[in-house]
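The values are calculated or read from the model by the stated rules, or taken from the named source; none is laboratory data. Fair warning: this is a prediction, and the values are worked out from it, not measured in the lab. Glycine gets a Cβ as well: all are built from the backbone with ideal geometry, and neighbour counts include every protein chain shown. The protein model used for the area step is the full one, side chains on, heavy atoms only, and it has no ligands, DNA or RNA in it. Shrake-Rupley method; radii C 1.70, N 1.55, O 1.52, S 1.80 Å.
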Amino acid sequence: MEKLTPKQDAFAQAYVETGNASEAYRRLYDAARMKPEVVAVKASELLKNGKVTVRVEALQARHAKRHDITIDSLTAELEQARAVAMEQKQASAAVSATLGKAKLHGLLVEKVKAEGDVNLYVSSLRAAHQRAFDPQGTTPAAADSPHEKAEAAQDDPYVKALRQLHEVRDAS
C-alpha cells in the first residue's frame, strides 16, 4: 500500500484535531477562492480515500487511548452529571445529560437541513420543552407556528421523556 503524501497526513491530523473536514482542508490546501460547497466536497473526497481513512482512525484510536476515553467512561460521566442535576433539582441539566447519553449511544441523531429548517427545528424543540414543563400553557409559548401546534400532540416522545424527568424531579 502506498504511503500518504505529507499533505494527506497533515489533513488527517488536522481533521482529528478539529473534527471538521472542511476546516482541515482549508488549513492545508489553497481554498481561499473556493466556495464552501466545493471545500466540503474536496474534504469529503479526502476522507473517503482509504489511506486517509486508515490514518484518521489510527490517530483517533491513539488519541482516545491516550486519554482513556471510551463510550463506557463517557456514559458514566454523563450519568454522574445527571444524578447530580437530579439531586439539585436541575431538570434541564438532567435532560441535557440524558440526551447526551442517547446521542453517544446512537439512539438520538440530529438531522438538520441547511436550507432554513434549522430555525424550525430549534423552535420545535423549544416548543416541545415548553409543552413538557408548562402543559397548561400558563406562560407564553416559545413560538406558536401552525407547525409547532401540530407537534404538540400528547404522544410526542420528546415531550413524554421531558415530562417523566420533570415528574422525577418533583417527586424528589
Self-check item: Condition check for Ala102: open to solvent by 80 Å² or more (accessible area, probe 1.4 Å) and of a type in the set (Gly, Ala, Ser)
Solution: no
Exercise. Considering only residues that are farther than 13 Å from Lys7 by Cβ and of a type in the set (S, T, N, Q), look in the range 17-58 and name the one that is nearest to the chain's Cα centre (by Cα).
Key: Asn20
